[in-house]
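The values are calculated or read from the model by the stated rules, or taken from the named source; none is laboratory data. What you see is a predicted model; the values in this text were computed from it and never measured. Positions of Cβ are generated from backbone atoms using ideal geometry, with glycine treated the same way; all protein chains shown enter the neighbour counts.
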Amino acid sequence: MKLSRKAKRNMAGYTFILPNLIGVILFTFIPIVYSLIISFTNWDFTKGFGNWNWVGFKNFVDIWSDKWFVDSLKNTIVFAVVVVVFTLIIALVLAVVIDRFCYAKTPIRLALFMPYISNVVAVAIVWVMMYSSWGPFTQMVKKLGVDNPPQWLGDYKWSLPSVIIMTIWGGIGYAVMIYTSAIQGLPRDVYEAAEVDGAGEIRKFFALTVPFLSPTTFFLVVTTLISSFQVFAPIQLMTRGGPGSSSSVLVYYIYQSAFSFYKMGYASAMSWILFILLFIVTMIQWKQQKKWVSY
Amino acid sequence: METVVKKNYHRNTQKYKKTLVKILITIIVAIVGFTMIIPFLWMLSASFKISAEVMELPIRWIPKHFTPNNYKAVWNIGKSAARDYHFGLSYFNSLKIAFINLFGAVLTSTMAGYAFAKINFKGRNILFLGYLATMMIPQQVTLIPKFVMFSKLNLIGTHLTLILPGIITVTGTFLMRQYFMQIPEELKESAYIDGANEFQIWARIMVPVAKPSMASLAMIVFLWNWNNYQEALVFLADWRLYTIPVSLTNFIEETSTQYNLIMAASASALIPVFVVFLAGQKFFVKGLMAGAVKG
Amino acid sequence: MKRKLLAMIMAAVMCATMLTGCGQGDDAQKQASVTEDNNGKKSEGTVTLRFWGGVPQESGPQDVVDHFNEAFKDKGIQVEYERYVNDDQGNLKLETSLLAGNDIDVYISYGAYKMLKRAGGGMALDLSEFMEKDGFDYEGMFGSSVTSEYLDGKPYSIATVLTKGTLLLNKDMFDAAGIPIPTEWTFEEFRDVCKKLTHGEGQDKVYGMFWNTQQNVTEYWLYLAKQTLGGDLYYKEGGLETDFDNDVIKKTAELIYNTMNVDGTAPTHVDSVTEKLTQEGMFLSGRSAMTVGNWTIRSVKNTEEYPHDFVTAYAPYPVIEKGERNYTYGGLGDEISINPKSEHIDAAWEFVKWYATEGVTYMAGGGRIGLCNTLDKDILAAAFSEGAEKLIDMDSAKPLIFPVENEKLTLSTITTELPMLEKILAEETEAYLTGAKDLDAAFADAKRRGDDALASAQ
């Protein structure tokens, strides 16, 4: 039995992904298909599975005149873009700096990673306290001569930025770790060659490190974007979307619709809008990566 | 000879300069790192407080009524708790699930990630985009369909509801794919010419090189599972099966929350996370050396 | 050949992974049943009911279960309690478990909205046949107000407790200021008392009142308005239109606004939110002389976690003007239902009956007062203050927390889109309390948005 090299390759490829593929189909893909079906219904999940009425595209039409949805969508986009850009830039610089110019690498990395591993409730409470009128932010602003400091989490203008700052702070450690592990795989000889050529640190960073790490950056952009679009816990713990809907985000509203308002169909429709949005953004990056990701 | 001596001298002054810069940078990064430990310090402090003091503002770092009772209550030492929270059992359950999923997920992700990066099989890119797409639907709307599926499979009320989906991770596959992308094609080609098959290449060449990334993945997978709350809450309806995040709901009273107990429990829950993190850091160094030897 | 070998290795690895998983899962189940055996709870011929409720074990349910198991050990029924947290997440857990099947035999819902939702979804058993068969006079024993919780004229639960709302007062502060414990008062009188009780500055400031708005920005102050308007104050007659522009609602909101932002006699809403103020932190630490709601009673008793030595007294919520008290603030609660999918429905009914007429006594220590009129009020009162007799002023409590013959309670009978209306009212109240909108604008907007929501629900 002789197989062509191509056939062998196909077989090897599928064998390698098989365990993974079965799991993804069973536990991710099928529930997702269900959520798509549900988005065309008015399902209230307490009525039992399958006990629903078809409403066609009604959910997909209705959401656009829903103030909560529109506000949440806007907030989510702002949140995701700001978080991704700042988290990744800060993390990349930190990861390189720690790797090349720091003593006590492991304790420092552990410290940066602490927000990510600390109980999210503890993190949220500490930040609420930081943002209170007794906290450093208000005191700092007062010292700068502002008589009427913002109320941060209690402020219509500041509640979303406050949560964004916390999220960036909390997400850096994770990105630093992913970058650090990628840095370990960088080809040393290339750097040595560059050093011989007299390249400075900054030049090496932009000419070598950034391009070499681009597959990892692509990974981090996609995953951080997705997780930022799906931010939930900090909002629920710190502002519950308030005041008003000033810090409400999509998944928080999806959650409320599904489980407080018992509108699973409506919630699923919103999720699919979120899906389409994310998919388009990811596709754009996918096409772009061929230009800026060097393998 | 002369030029060598000159070079060495030149190198020495540069070395001192470098050391100085390194110390400065270490201090700056350490300060950033310190801000990230604050929630952890607060958590420790709160875990030794009585309820009345936990939410005091400004934050009192050293408890006024220092008490180890919270730890005693959480672990039910000396029957001091209002009831047995069965925290030890939850701890065991969490460890079991997190470690099974850690090994399962690292294995399946490394295999699939390798295939997606290095084996050019038919339909690879489409399939991979499909993988990415599954991350884009928020779990809030797939939760109930998943639940229905598991109840049809008669798995509700067992840990399999967390293990079966847990040993598969799309994000992990993505991470490993991006890492393998970074590895030069020549490494594989030369082994191929030596007559190694795909499995041998994966096991003997790729896996050793990928250790830093596998270590990162292991840490992240461990954390995900360690902190998985939403699914564990809904799928496990019996205290004997509870994991740590679910058991923390024990400390939510009807109208108040015993944050001191939550923090004592969370601080206890951090120990395995530290162990996994430090174990993972070893691989960072090892991976580096492996790369250096080869390079 | 090599490919085949490779495939086989892969398959083996996969199976191994799956099997470890399965094996471990089975272990957990075995372990679970072993634990059960060790507790001796599952012996031959005995039915073990799974009973779910939202109250922590030590606040009553464990006593309930222990007493029941003792009384019914010869009758072959035993009960095991599982606690769910009565919040969004916990209710989701309860409802999915009810959907899944027979894991739950008996459960308690908190409030008519949730209970009726579950009954409507087929998660609660119609109890009318059982009541008829056993001659269980539900309306006779529990009062005619229970019919407000019927669905299509049938009971799907038994409302076991009466939850009356009162203010909690720091009696020591009232005594020191020479103010008698009020038994009837108007908004103006209440405002004056708040002013008299407020003193100090900064961190040492003692407030007259704490509204607890960070936990729920609408619920607590609406208690005051309900005394005039009744339990359906969200809706105008017929339930097709919201009543958010009602003067009583607006005047009540104004009272809250004035104490917070004009008089400075209550922490502002923003402070409550940004400092995560709690009732325990304010009232039990002596930082406010009054607070809303009597559920804090368990913390009052817990002097280890909340050290304090003042006496807590009870007072009714104030009303706008004398003579506007049309209702007693209070409702039915702790509705106990049977899961229709339970395999032990008859045993479950035995337990439900016992719980509603007897077992609920053991919940009094946690501040829950049984509704059934066959319960002994003195025993309830003793259980209620047990362990904290010196900290609770039962003289002011008794007339306010026990059922009174023929009182008109603030029952809610209309629940159309209730959670959504709550969210709308919460947002507009927040806008008003933080000064983003004025009173008329905020409540006009609330009404407009609420009416839209009701219209789209038709």
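Please tell me if A:A194 is away from chain C (no Cβ under 14 Å) and closer than 22 Å to B:P184 by Cα. It is true that A:A194 is away from chain C (no Cβ under 14 Å) and closer than 22 Å to B:P184 by Cα. So, C:E70, is that one without any contact (Cβ under 8 Å) to a residue 60 or more places away in the chain and more than 12 Å from every other protein chain (Cβ to nearest Cβ) or not? Yes, satisfied.
Of all residues in segment C:286-296, those satisfying the criterion of being in contact with a helix residue (DSSP H, G or I) (Cβ under 8 Å, 6 or more places away or on another chain) and modelled with pLDDT under 90 are C:G293, C:N294, C:T296. Would segment A:264-287 turn up any residue that is at the interface with another protein chain (Cβ under 8 Å from one of its Cβ atoms), outside any helix (DSSP H, G or I) and not small (G, A, S)? No, the conditions are met nowhere in segment A:264-287. Quick one: would you say A:W52 is touching a Phe, Trp or Tyr at 6+ places or on another chain (Cβ under 9 Å) and either within 30 Å of A:G171 (Cβ to Cβ) or away from chain C (no Cβ under 14 Å) (or both)? No, not satisfied. Out of C:Q89, C:Q24, C:Q29, C:Q78, one residue alone is at pLDDT 50 or above and at the interface with another protein chain (Cβ under 7 Å from one of its Cβ atoms). It is C:Q89. Only one of the listed residues (A:M177, A:M114) is facing another protein chain (nearest Cβ under 7 Å), closer than 27 Å to B:S47 by Cα and not basic (K, R). That residue is A:M114.
Residue-by-condition table, conditions (1) surrounded by fewer than 23 Cβ atoms within 10 Å (Cβ to Cβ); (2) in contact with a strand residue (DSSP E or B) (Cβ under 7 Å, 6 or more places away or on another chain); (3) in a helix (DSSP H, G or I); (4) within 8 Å of chain A (Cβ to nearest Cβ):
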| residue | (1), (2), (3), (4) |
| --- | --- |
| B:L89 | yes, no, yes, no |
| B:S94 | no, no, yes, no |
| B:S109 | no, no, yes, yes |
| B:F116 | no, no, yes, yes |
| B:N120 | yes, no, no, yes |
| B:I126 | yes, no, yes, no |
| B:M136 | yes, no, no, yes |
| B:I168 | no, no, no, yes |
| B:T173 | no, no, yes, yes |
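Kindly establish whether B:L248 is within 27 Å of B:R60 (Cβ to Cβ), modelled with pLDDT under 90 and over 15 Å from the mean Cα position of the chain (by Cα). It is true that B:L248 is within 27 Å of B:R60 (Cβ to Cβ), modelled with pLDDT under 90 and over 15 Å from the mean Cα position of the chain (by Cα).
Restricting A:V97, A:V83, A:V78, A:V61 to those that are under 23 Å from the mean Cα position of the chain (by Cα) and either surrounded by fewer than 18 Cβ atoms within 10 Å (Cβ to Cβ) or within 10 Å of another protein chain (Cβ to nearest Cβ) (or both) reduces the list to A:V78.
So, C:G231, is that one crowded, with 24+ Cβ neighbours inside 10 Å, closer than 29 Å to B:S256 by Cβ and in the same structural domain as C:E427 (by TED's automatic domain parsing) or not? Judged against the criteria, C:G231 is not a match. Scanning segment A:117-129 for residues that are under 18 Å from the mean Cα position of the chain (by Cα) and more than 7 Å from chain B (Cβ to nearest Cβ) yields A:V120, A:A124. Checked against (1) surrounded by fewer than 18 Cβ atoms within 10 Å (Cβ to Cβ); (2) closer than 30 Å to C:N406 by Cβ; (3) touching a residue at least 40 places away in the same chain (Cβ under 8 Å), C:G323 passes all but condition (3). Counting just the residues of segment B:30-69 that are assigned to a loop (DSSP other than H, G, I, E, B) and facing another protein chain (nearest Cβ under 7 Å), which one comes out modelled with the highest pLDDT? Among those residues, the one meeting the criterion is B:I50. Across segment A:132-154, the qualifying residues are those that are assigned to a helix (DSSP H, G or I) and crowded, with 20+ Cβ neighbours inside 10 Å, and the one among them that is nearest to the other protein chains (Cβ to nearest Cβ) is A:G154. Here C:G178 clears all of (1) without any contact (Cβ under 8 Å) to a residue 24 or more places away in the chain; (2) part of a helix (DSSP H, G or I); (3) out of contact with any helix residue (DSSP H, G or I) (no Cβ under 8 Å at 6 or more places or on another chain) except the condition numbered (2).
Mind listing whichever residues of segment B:213-248 are within 11 Å of chain A (Cβ to nearest Cβ), part of a loop (DSSP other than H, G, I, E, B) and buried (at least 21 other Cβ atoms within 10 Å of the Cβ)? None; the set is empty. Here C:L98 meets the list (1) buried (at least 21 other Cβ atoms within 10 Å of the Cβ); (2) in contact with a Leu (Cβ under 8 Å, 6 or more places away or on another chain); (3) more than 21 Å from C:T361 (Cα to Cα) almost entirely, failing just condition (2).
Restricting the first member to segment C:41-54 and to residues that are at pLDDT below 90, and the second to residues that are surrounded by 20 or more Cβ atoms within 10 Å (Cβ to Cβ), the beta-carbon pairs closer than 6 Å and six or more apart or on different chains are C:K41/C:Q78; C:T46/C:Q78. The single condition among (1) closer than 18 Å to A:F275 by Cβ; (2) not in a helix (DSSP H, G or I) that A:F60 does not satisfy is (2). Based on this model, can you work out whether B:S151 counts as closer than 29 Å to A:K290 by Cβ, part of a helix (DSSP H, G or I) and facing another protein chain (nearest Cβ under 9 Å)? No; evaluated as a whole, the condition is false for this residue.
For segment A:238-252, a residue qualifies if it is assigned to a helix (DSSP H, G or I) and facing chain C (nearest Cβ under 10 Å), and exactly one does: A:M238. Considering only residues in segment A:155-197 that are in a loop (DSSP other than H, G, I, E, B) and free of Cβ contacts under 8 Å to residues at least 24 places away in the same chain, the one that is surrounded by the fewest Cβ atoms within 10 Å (Cβ to Cβ) turns out to be A:D197. When residues in segment B:249-268 are screened for being facing chain A (nearest Cβ under 9 Å) and buried (at least 24 other Cβ atoms within 10 Å of the Cβ), 5 of them pass.
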